[in-house]
Ligand SMILES: [Zn+2]
């Protein structure tokens with residue numbers, strides 16, 4: 001799973017459908033994740049089987065984080081909050097450089113845009129990210145950041161009245 005940190009990470013990281021296991025709880029397909037990632041993020045590393053193949057469940061409402069033939073790990077078994085499975089702050093987005101959904105939301109509310117993806121991308125390009133041991137998905141956060149920004153922007157447009165949108169940069 002190395003070399004995941006590019007803006008095209010989704011295309012680069014996603015495995016063919018044949019390599020995808022389905023979650024025992026929500027039955028959705030998971031994404032293959034390195035055992036190294038699971039070992040680093042599960043509270044009790046001795047429960048992680050070195051030889052097992054683990055998958056990461058991306059379903060927001062499912063409590064399962066990792067599953068394999070050797071066992072399943074839930075949100076409560078993981079050291080960090082899994083951003084895509086949380087509805088309340090803090091909702092981590094970037095685990096390497098510690099940016100949350102609230103940070104992105106704050107920037108968008110204040111200035112209408114955010115430099116966070118550019119800041120993260122710059123550090124990634126300098127080789128300072130550690131997504132494979134810090135991010136529960138084991139992959140780069142740039143895709144999740146972009147999705148969160150789009151979602152926050154569309155939520156704001158739904159909530160704001162037309163006057164508020166027009167008066168935003170005054
Ligand atoms: Zn699931």
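Overview of values
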{"item": "Filtered residue count, the stretch 54-85, keeping only those that are more than 23 Å from residue 100 (Cβ to Cβ), touching a residue at least 24 places away in the same chain (Cβ under 8 Å) and away from the ligand (no atom under 16 Å from the Cβ)", "result": "0"}
{"item": "Filter pass, residue 40 being within 15 Å of the ligand (Cβ to nearest atom), outside the structural domain of residue 158 (by TED's automatic domain parsing) and farther than 16 Å from residue 145 by Cβ", "result": "no"}
{"item": "From the options 126, 101, 111, residue that is in the same structural domain as residue 157 (by TED's automatic domain parsing) and either under 26 Å from residue 23 (Cα atoms) or surrounded by 15 or more Cβ atoms within 10 Å (Cβ to Cβ) (or both)", "result": "101"}
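The values are calculated or read from the model by the stated rules, or taken from the named source; none is laboratory data. It should be emphasised that the depicted structure is a prediction, and the values quoted were computed from it without experimental measurement. With ideal geometry, Cβ positions are generated from the backbone for all residues, glycine too; neighbour counts draw on all protein chains shown.
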